[in-house]
Amino acid sequence: MAFRFEDLQVWQKAMDLDEQVNQLTKTFPKEEVYVLTSQMKRAADSVVLNIAEGSTGQSKAVFKVFLGYSLRSAIEVVSCLFIAKRRAYIEDNNFKFLYNEYEVLVKMITSLRNSI
């Protein structure tokens, strides 16, 4: 693989969840396209992008900063999940699944950041 981030399990997990969020938001009502849908997709994308950006050609200190950005974006996705659940855009079982997967991802990001 050409780029360091491609080998990171945390990046791979974030990519998988990014796709799941993208698929989920396709089911949201049209009036949410420029609101919750956009916000949730951008936050999920941001998790992936910040891991990649921070991992390549940066110092360890800078990588930790970018992992912090990624962590905050993951938490933003979780908050969006709660909003979607409250607005009845997501079924309870799907909410629980994504919530648990993001909990795992947050722990992975935190562990990587703490190990640097």
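Please treat every number below as a calculation from the coordinates, not as lab data. None of these values were measured; they are calculated from a predicted model. We place every Cβ from the backbone using ideal geometry, glycine too, and count neighbours over all the protein chains shown.
Per-residue answers, yes or no, for (1) part of a helix (DSSP H, G or I); (2) acidic (Asp, Glu); (3) under 27 Å from ARG4 (Cα atoms); (4) touching a helix residue (DSSP H, G or I) at 6+ places or on another chain (Cβ under 6 Å):
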site: ARG42; (1), (2), (3), (4): yes, no, yes, no
site: SER46; (1), (2), (3), (4): yes, no, yes, yes
site: ALA84; (1), (2), (3), (4): yes, no, no, no
site: TYR89; (1), (2), (3), (4): no, no, no, no
site: ASN93; (1), (2), (3), (4): yes, no, no, no
site: TYR102; (1), (2), (3), (4): yes, no, yes, yes
Residues being hydroxyl-bearing (Ser, Thr, Tyr), over 20 Å from PHE82 (Cβ atoms) and surrounded by fewer than 16 Cβ atoms within 10 Å (Cβ to Cβ): count how many of those fall in the stretch 35-58. 1
Looking only at the stretch 1-34, filter to residues that are among the basic types (Lys, Arg) and closer than 21 Å to PHE95 by Cα; which one of those is surrounded by the most Cβ atoms within 10 Å (Cβ to Cβ)? LYS13
What's the total number of residues in the stretch 68-97 that are within 18 Å of TRP11 (Cβ to Cβ) and aliphatic (A, V, I, L, M)? 4
Condition check for ASN50: free of Cβ contacts under 8 Å to residues at least 60 places away in the same chain, within 16 Å of LYS13 (Cα to Cα), among the polar types (S, T, N, Q) and part of a helix (DSSP H, G or I): yes
Give the stretch 104-116 a look and list any residue that's assigned to a helix (DSSP H, G or I) and touching a residue at least 24 places away in the same chain (Cβ under 8 Å), or say none. VAL104, LEU105, VAL106, MET108, ILE109, THR110, LEU112, ARG113
Can you name the residue in the stretch 63-93 that is polar (S, T, N, Q) and within 13 Å of VAL21 (Cβ to Cβ) and, of all such residues, is surrounded by the most Cβ atoms within 10 Å (Cβ to Cβ)? SER73
